[in-house]
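Down below is the structure, laid out as structure tokens.
Taken together, the values in this text are just the output of simple stated rules run on the coordinates, not laboratory data. No experiment lies behind these values; they were computed from the predicted model shown. Here the Cβ positions follow ideal geometry from the backbone for every residue, glycine too, while neighbour counts run over all protein chains shown.
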Amino acid sequence: MSLTVAAPGGYPRQALAAGIACYCLWGFMPALFITMGRAGAAPWEILAQRTVWAAPIAAVIVLASRQGPEVAQIFRRPRVLGLLALSTSLILANWSTFIWAVNNGHNLEASLGYYINPLLAMAAGATLFRERIDRVGWTAIVLATIGVAIQTVALGRPPVIALALALAFCGYGLIRKQVDASAQAGLLVECLFLVGPGAGYMLWLHSHGGLFGTSLGASLLLMAAGPITVIPLALFSWAARRLPFSTMGFLQFISPTIGFGTGLATGERLTPLLAFSFLFIWTGAAMFTFGAWRAGRRLGLAQAGLSAGRALAAASVTVDNRRQGGPP
């Protein structure tokens, strides 16, 4: 299918829609998990359902994109398989922490984790890969650090949930950056690592009071954990290859904002000091977005200049060829 319809920024509207959709789905994920919890599912059962039903959805996407041979190749490469096993452990830690948090009244703190995650990733890139951070980037990191410090005072403890979510997801991203595998193929392998333990726990729960199987409605509700896990990742992978980094940098704050709203809607208390901490976090996020936009704009101008230079050079060659009687 040809992507010819462009958004005002010059990139496909379909890609922009996919980017918005993936972050909105991630944003409403807490509401789904809370609904499962209120229906009677414990966090560990929700996690097991997520690991089991994500695998067939991931397999369908891999088959549809004809990446089956790549998955088979991964199992013949011990280093890639080992890195994916490590990334699986980190995403499992992220999933389990998130599911527990949103079902125990910690949506605000969970949203904090995803606000600071891109800033943490930027700091990790500078530390581990010597990526350059400009003044705007460092300002964003400092503001986020102040926000975390204020939140520590507001909560009376460090924001452990937020830091655990951010560290696990940042570590996951750093490892996947080193893995020579596409997003879809790698995700399927990660799901295959998890499906066995998840299925075993589901079978045990079946005779020990689990929610799955008690009714068709409850079973379908829990099975929804599979698509809600895989579909946003597929949309993200598709959109990220077609949208500027600055656009993705802006869109990624959609999901924690929805999660923040979910926390308020479910009655979590936002004290003045807690709100003050989020003010620093949101300002840091805005600075990050501005920095990403500015970097994307500079890259776009540089590419435009390069294209113009190539066009001018090609025109000069054409003129010379015509003068010499050569082909146009």
Checklist line | Tensor-based shape of the stretch 230-275 (alpha-carbon gyration tensor, a/c under 1.5 rounded, otherwise prolate or oblate) | finding: oblate
Next item on the list: Compute the signed sum of charges (Lys and Arg +1, Asp and Glu -1) over the other residues within less than 11 Å, Cβ to Cβ, of residue 83.
Entry: +2
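Name the trypsin sites (Lys or Arg not before Pro) in the stretch 124-201 that are in a loop by DSSP and that have at most 15 other C-beta atoms within 10 Å, would you?
Numbers: sites: 130, 132, 135, 176, 177; in loops: 130, 132.
Counting only loop positions with at most 15 other Cβ atoms within 10 Å, the trypsin sites (Lys or Arg not before Pro) in the stretch 124-201 are 130, 132.
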Item checked: Cα gyration tensor shape for the stretch 36-156, rounded if a/c is under 1.5, else prolate or oblate -> oblate
Item checked: Distance (nanometres) between label positions extended 7 Å along Cα→Cβ at residue 283 and residue 204 -> 4.9
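Give the calculated FRET efficiency between residue 142 and residue 178 to the nearest 0.05, with a Förster radius of 25 Å applied to their Cβ-Cβ distance.
The calculated FRET efficiency here is 0.35.
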Margin query: If I take every Cα pair under 8 Å that is 6 or more residues apart in the chain, average their sequence separation and divide by the length, what percent do I get for the relative contact order?
Written below: 35
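Whole number please: convex hull volume per residue, Cα atoms of the stretch 158-257, in Å³. Please list the in-between numbers first.
Numbers: hull volume 16.2 nm³, N = 100.
In the stretch 158-257, the Cα hull volume divided by residue count equals 162 Å³.
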